[in-house]
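Got a structure for you, questions after.
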Amino acid sequence: MFSTFALFAAAVFLQARDVSGAKNGIIGFGIPLYEDACSLACHDSLSSLYLGCTTFPEHHNMSGMSMSMDMDMDMEMMGTTSEECRTSNMPWLQTMAYCIQQACGAYGYSVEKQAKCFSVHAVAGASEPTFHDCLPDTAPTVELPQDAMWLNVTSLVNHETYHATCGTLEEFARSEYIHTKYSLILYLIVIGACLAWGLKVQLVGIFPDIYRRWRKSTLGLRLQQHVTLPALFRSRHLEPLPANSGYVPGRVLGVSISIYVILNVIFSSISFRSFQPNIYFPSQQFELCEYVGNRTGMLSLVNISIAILFAGRNNILIAVTGWSQNTFLAWHRWTARVATVQAIAHSIAYTVAYVDPGYEGAPSYSAKAAEPFMWWGILGTVALGLATAFAILPIRITFYELFLAVHIVLVVLALIACWYHLVPHFGFKYGYQVWLYISFAFWAADRLARLARVVYYNRPGDAKAVAEAIPGCNILQVTVFPRTTRGIGPGQHTFLYFPGLGRLWESHPFSIAAWETHQAPSNFVSSSISASSKDNKIYSLAKELGTAPSATDSNDQVKLAAAPHHQETVPHESQKYNGVSFRLLIRAHSGMTATLQRHLSSPSTSSRAEISVYTEGYYAGHNATHQPLLAAETVLCVAGGLGITYALSFVQEYANAVSPEGEPAGKSHGIMRKARRFILAWSAKEITFINHVRKNFLANAQGVETSFWCTGAMEGLTQKSELPKDEKREMGSSAPAIDAAVTVGRMHIASVIRSSLEAGQQTTVLVCGPAQMADEARKQVVSCVKDGFSIDLVEEAFAW
């Protein structure tokens with residue numbers, strides 16, 4: 001499907017290049033529409049009349065027949081009047097010249113402009129005969145009847161015909177201009193709002209002290225408490241609604257989306273007028289349906305292009321605004337929904353128009369629907385509707401890979417259908433295709449950027465990684481060896497391709513837990529899982545010690561020894577690639593990750609294997625996203641489950657900026673430049689996973705305060721049990737960052753957050769974990785703001 005769309009886009013480009021004489025732009029902006037309606041109405045009122053030089057087919061012998069206007073009606077529309085005929089026919093020239101003089105003069109046109117209109121509409125742009133030469137010496141007195149067929153003498157244009165023609169042209173042009181104006185206004189509001197927020201972000205970076213004082217002001221605290229931090233309703237935000245019916249956006253995002261939807265409703269509903277009698281539309285209903293159909297159709301194209309922009313991984317607005325890709329995906333879904341509703345309204349409006357009894361009713365609609373442009377339009381609406389309908393949350397969660405493939409196919413089909421709905425029927429003269437060009441450009445730019453990233457960040461012919469299974473859980477550690485780690489930092493994720501697993505077209509996002517560079521070695525330990533067999537030993541020993549504790553008892557603790565400071569790097573690969581690597585922790589679910597887990601657990605493969613992996617480099621982690629950290633004196637990371645991968649990158653950033661004595665090194669360029677305290681609170685189900693992270697990622701994290709909770713069952717381990725002393729000595733407890741205690745049960749988030757607060761100190765809470773945990777953290781942060789504490793929130797979440 002990608003290759004088909006690429007070939008189609010290339011054909012569109014070549015076709016657009018071959019268009020001759022077409023004006024660029026859209027109606028009202030580069031493409032004028034009926035700008036000289038007074039002159040054009042003169043032409044259209046007379047153009048259907050036969051002249052003395054009109055030619056007829058040979059089998060209709062005109063000899064001996066009177067050239068009178070009461071000629072038999074059977075001759076209607078049989079003749080052909082060429083432009084050469086008109087430029088040499090004096091009744092045509094004089095009637096047109098007098099009509100333009102009278103009609104356009106009433107609009108205030110100068111003589112020079114009247115002459116220009118005459119040249120364009122009377123003589124097809126020729127320089128001769130001129131307007132002045134063709135003005136009759138005496139004003140004509142005979143007015144053409146409405147049913148006239150011939151123009152044999154200089155005459156007055158029929159008043160009713162001219163009025164209907166000019167009024168129709170002016171009203172249609174006004175309507176099209178308004179369609180364009182509202183489309184551009186919508187575009188400017190949406191993109192302009194993003195750029196305005198980006199400007200605010202840049203100003204905050206330039207003047208952080210002013211912003212900090214603003215945040216501590218009464219108005220700033222109230223806005224934070226009631227607008228920027230809370231969920232839209234109550235505390236549910238990341239946790240899906242019942243039956244996985246969707247997500248509730250945050251309050252700012254929810255209000256923004258509501259304004260956007262309201263604007264679309266308004267722009268789709270206002271500024272419609274009717275002009276009757278109308279030479280284009282036989283009834284007022286047909287006319288209004290035409291205007292509504294055109295308006296909603298154009299707005300739908302605009303919103304489709306915005307939806308495609310917001311769906312891109314390489315959307316530049318992510319870096320400008322600091323909003324996460326999840327935020328833009330929420331916008332993508334809503335813009336797509338609005339575009340779909342508008343496309344359906346467009347189709348309904350034209351259906352109602354053509355079944356209007358004033359336009360011959362249902363038979364006329366059936367005939368129209370058989371025309372290619374019409375059924376292409378129907379196909380586009382159906383494809384867009386299916387793409388939106390199949391994007392509901394239950395389908396995305398249950399059949400994500402299938403959803404993604406079908407979604408892309410349907411959207412590509414909708415875009416192709418829109419092209420063949422518009423261009424063969426209207427050509428390029430109205431500029432409708434420009435909105436499709438924008439959609440094609442956004443789509444192509446994102447795909448080309450992905451390709452460029454793959455080429456830049458991977459070693460040609462040697463894109464390798466080491467995948468290892470962590471014992472006792474369904475989590476894998478993958479160490480990737482890219483060509484460079486330039487640009488890598490905390491809070492980032494990458495998209496990986498696993499061609500060796502037979503799914504080259506699939507890529508999935510994974511948070512980067514840690515990284516190593518040969519230019520600046522990390523304080524983190526890059527350790528192999530080969531040493532983690534001690535986890536199994538501990539776990540097996542625990543099973544022999546006694547009865548299992550209650551998983552809900554959060555007050556009792558199991559004392560586990562801290563991890564030793566191993567210096568066992570991933571042996572051969574690290575040396576081969578000069579120490580350049582980054583590590584990921586991946587939980588096997590279904591699809592590609594399940595395939596990778598089965599590969600590692602197969603009898604023919606050890607729990608550690610070298611695999612072929614391509615990375616797209618490093619996404620997110622922009623300065624705009626991390627601004628709340630710049631002023632933070634205390635940083636609290638609240639992580640749940642695999643959310644630890646997000647937190648670990650900040651632990652590494654903080655640890656690298658801390659002196660060996662555990663004091664902040666004062667790195668002025670760091671994102672936590674003012675932080676004097678860093679707290680990590682992590683809850684996970686698997687004790688083996690907790691121990692693996694402690695040994696392989698936290699063993700040398702200087703100055704980091706840690707707390708751990710295990711929510712899974714640890715069979716045989718009593719609540720008060722201690723490991724044997726020889727095991728404790730073997731495991732060691734020298735790492736200053738690690739508290740040896742692991743609490744059995746769930747983390748009490750309110751207590752964790754409250755205990756990190758200090759009066760007069762700025763605290764920033766980073767949260768990444770299950771939806772319920774993230775929502776509870778948000779709720780508690782809002783409560784702390786209400787109590788007068790200086791606290792901010794940075795939320796990292798994956799939403800289907």
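The values are calculated or read from the model by the stated rules, or taken from the named source; none is laboratory data. None of the values given here were measured: they were computed from a predicted structure. Note: ideal-geometry Cβ built from the backbone for every residue, glycine included; neighbour counts use all protein chains shown.
Does Ala465 qualify as being under 19 Å from the mean Cα position of the chain (by Cα), of a type in the set (A, V, I, L, M) and outside any helix (DSSP H, G or I)? First the steps, then the outcome.
Working: under 19 Å from the mean Cα position of the chain (by Cα): no; of a type in the set (A, V, I, L, M): yes; outside any helix (DSSP H, G or I): yes.
For Ala465, the condition - under 19 Å from the mean Cα position of the chain (by Cα), of a type in the set (A, V, I, L, M) and outside any helix (DSSP H, G or I) - is not met.
Against the condition closer than 30 Å to Arg222 by Cα, of a type outside the set (Ser, Thr, Tyr) and in contact (Cβ under 8 Å) with a residue 40 or more places away in the chain, how does Gly246 come out, does it pass? Break it down stepwise before answering.
On the way: closer than 30 Å to Arg222 by Cα: yes; of a type outside the set (Ser, Thr, Tyr): yes; in contact (Cβ under 8 Å) with a residue 40 or more places away in the chain: yes.
Yes, satisfied.
Shifting gears a bit: Looking at the stretch 1-34 only, could you name the residues that are closer than 21 Å to Glu83 by Cβ and either among the charged types (D, E, K, R) or at pLDDT 90 or above (or both)? Before you say what the answer is, go through the steps one by one.
The first filter runs over the stretch 1-34 and keeps only residues closer than 21 Å to Glu83 by Cβ, leaving 20-23, 34.
If the condition is that a residue be closer than 21 Å to Glu83 by Cβ and either among the charged types (D, E, K, R) or at pLDDT 90 or above (or both), then Lys23, Tyr34 are the ones that fit.
A follow-up question, please. Out of the residues in the stretch 384-428 meeting the condition of being aromatic (Phe, Trp, Tyr) and part of a helix (DSSP H, G or I), tell me which one is surrounded by the most Cβ atoms within 10 Å (Cβ to Cβ). Steps first, please.
If we filter the stretch 384-428 for residues that are aromatic (Phe, Trp, Tyr), which is where we start, we get 390, 399-400, 403, 419-420, 426, 428.
In the following step, the residues that additionally are part of a helix (DSSP H, G or I) were identified as 400, 403, 419-420, 426.
Values: Tyr400: 15, Phe403: 17, Trp419: 23, Tyr420: 17, Phe426: 13.
My answer is Trp419.
Return the residues of the stretch 83-125 that are without any contact (Cβ under 8 Å) to a residue 40 or more places away in the chain and aliphatic (A, V, I, L, M); say none if nothing qualifies.
Ala97, Val111, Ala115, listed by residue number.
Next up: Determine whether the stretch 316-327 contains at least one residue that is closer than 25 Å to Ala417 by Cβ and not charged (D, E, K, R).
Residues of the stretch 316-327 closer than 25 Å to Ala417 by Cβ: none.
Taking every residue of the stretch 316-327 in turn, none turns out to be closer than 25 Å to Ala417 by Cβ and not charged (D, E, K, R).
So how many residues does the stretch 472-487 have that are at negative phi and surrounded by fewer than 20 Cβ atoms within 10 Å (Cβ to Cβ)? Show your work before the answer.
First, the residues of the stretch 472-487 that are at negative phi: 473-486.
Checking which are surrounded by fewer than 20 Cβ atoms within 10 Å (Cβ to Cβ) leaves us with 473-474, 483-484, 486.
Adding up the residues that qualify gives 5.
On to the next question. I want to confirm something. Restricting to the stretch 309-356 and keeping residues that are of a type in the set (Ser, Thr, Tyr) and in a helix (DSSP H, G or I), which single residue is modelled with the lowest pLDDT?
First, pick out the residues of the stretch 309-356 that are of a type in the set (Ser, Thr, Tyr): 321, 324, 327, 335, 340, 347, 350-351, 354.
Those left that are additionally in a helix (DSSP H, G or I): 321, 327, 335, 340, 347, 350-351, 354.
On the way: Thr321: 92, Thr327: 92, Thr335: 98, Thr340: 98, Ser347: 95, Tyr350: 91, Thr351: 91, Tyr354: 83.
Result: Tyr354.
Still on this structure, I have one more. Being under 30 Å from Ala173 (Cα atoms), within 15 Å of the chain's Cα centre (by Cα) and basic (Lys, Arg) narrows it down to one of Arg313, Arg337, so name that one.
On the way: Arg313 fails: under 30 Å from Ala173 (Cα atoms).
When all the criteria are applied, what remains is Arg337.
Turning to a different aspect of this structure: Taking interchain pairs and intrachain pairs at least six residues apart, which have beta carbon atoms under 8 angstrom, with the first residue in the stretch 278-293 and of a type in the set (Ser, Thr, Tyr) and the second surrounded by fewer than 17 Cβ atoms within 10 Å (Cβ to Cβ) and not in a helix (DSSP H, G or I)?
Ser283/Gln276; Tyr291/Phe272
Do you know which of the residues in the stretch 256-277 that are in contact (Cβ under 8 Å) with a residue 40 or more places away in the chain and not in a helix (DSSP H, G or I) is farthest from the chain's Cα centre (by Cα)? Explain how you work it out, then say what you get.
Taking the stretch 256-277 first, the residues in contact (Cβ under 8 Å) with a residue 40 or more places away in the chain are 256-257, 260-261, 263-264, 267-268, 271-275, 277.
From what's left, not in a helix (DSSP H, G or I): 268, 271-275, 277.
Values: Ser268: 22, Ser271: 29, Phe272: 31, Arg273: 34, Ser274: 37, Phe275: 40, Pro277: 44 Å.
Here the answer is Pro277.
What number of residues within the stretch 107-136 satisfy the criterion of being among the charged types (D, E, K, R) and either surrounded by 12 or more Cβ atoms within 10 Å (Cβ to Cβ) or touching a strand residue (DSSP E or B) at 6+ places or on another chain (Cβ under 8 Å) (or both)? Explain how you work it out, then say what you get.
Of the stretch 107-136, the ones among the charged types (D, E, K, R) are 112-113, 116, 128, 133.
This time we only want the ones that are either surrounded by 12 or more Cβ atoms within 10 Å (Cβ to Cβ) or touching a strand residue (DSSP E or B) at 6+ places or on another chain (Cβ under 8 Å) (or both), so: 113, 116.
Summing the residues that are among the charged types (D, E, K, R) and either surrounded by 12 or more Cβ atoms within 10 Å (Cβ to Cβ) or touching a strand residue (DSSP E or B) at 6+ places or on another chain (Cβ under 8 Å) (or both) in the stretch 107-136 gives 2.
Can you tell me which residues in the stretch 419-456 are in contact (Cβ under 8 Å) with a residue 12 or more places away in the chain and among the small types (Gly, Ala, Ser)?
Gly427, Gly431, Ser439, Ala444, Ala445, Ala449, listed by residue number.
Let me ask another. Inspect all residues belonging to the stretch 324-342 and state whether any of them is over 25 Å from Leu263 (Cα atoms) and either hydroxyl-bearing (Ser, Thr, Tyr) or buried (at least 18 other Cβ atoms within 10 Å of the Cβ) (or both).
Let us first name the residues in the stretch 324-342 that are over 25 Å from Leu263 (Cα atoms), namely none.
Checked against the condition, which is being over 25 Å from Leu263 (Cα atoms) and either hydroxyl-bearing (Ser, Thr, Tyr) or buried (at least 18 other Cβ atoms within 10 Å of the Cβ) (or both), the stretch 324-342 yields no hits at all.
So in the stretch 431-448, with the set limited to residues that are assigned to a helix (DSSP H, G or I) and more than 15 Å from the chain's Cα centre (by Cα), which one is nearest to Gly500 (Cα to Cα)?
Narrowing the stretch 431-448 to residues assigned to a helix (DSSP H, G or I): 433-448.
Still in the list and also more than 15 Å from the chain's Cα centre (by Cα): 433-437, 448.
On the way: Gln433: 41, Val434: 41, Trp435: 39, Leu436: 37, Tyr437: 36, Leu448: 23 Å.
Once the filter is applied, the top-ranked residue is Leu448.
Among the candidates Leu476, Leu496, Leu504, which residue alone is modelled with pLDDT of 90 or more, farther than 17 Å from Leu600 by Cα and aliphatic (A, V, I, L, M)? It would help to see each step written out before you state the result.
Values: Leu476 fails: farther than 17 Å from Leu600 by Cα; Leu504 fails: modelled with pLDDT of 90 or more.
So the residue among Leu476, Leu496, Leu504 that is modelled with pLDDT of 90 or more, farther than 17 Å from Leu600 by Cα and aliphatic (A, V, I, L, M) is Leu496.
I'm trying to understand the selection: among the residues of the stretch 596-607, which are surrounded by fewer than 16 Cβ atoms within 10 Å (Cβ to Cβ) and either at pLDDT 80 or above or among the β-branched types (Val, Ile, Thr) (or both)?
If the condition is that a residue be surrounded by fewer than 16 Cβ atoms within 10 Å (Cβ to Cβ) and either at pLDDT 80 or above or among the β-branched types (Val, Ile, Thr) (or both), then Arg598, Thr605 are the ones that fit.
For the stretch 570-595, enumerate the residues that are small (Gly, Ala, Ser) and either at pLDDT 80 or above or over 15 Å from Ser507 (Cα atoms) (or both). Give the derivation first.
Quick first cut of the stretch 570-595, residues small (Gly, Ala, Ser) only: 574, 579, 581, 588, 590-591, 594.
Ser574, Gly579, Ser581, Ala588, Ala594, listed by residue number.
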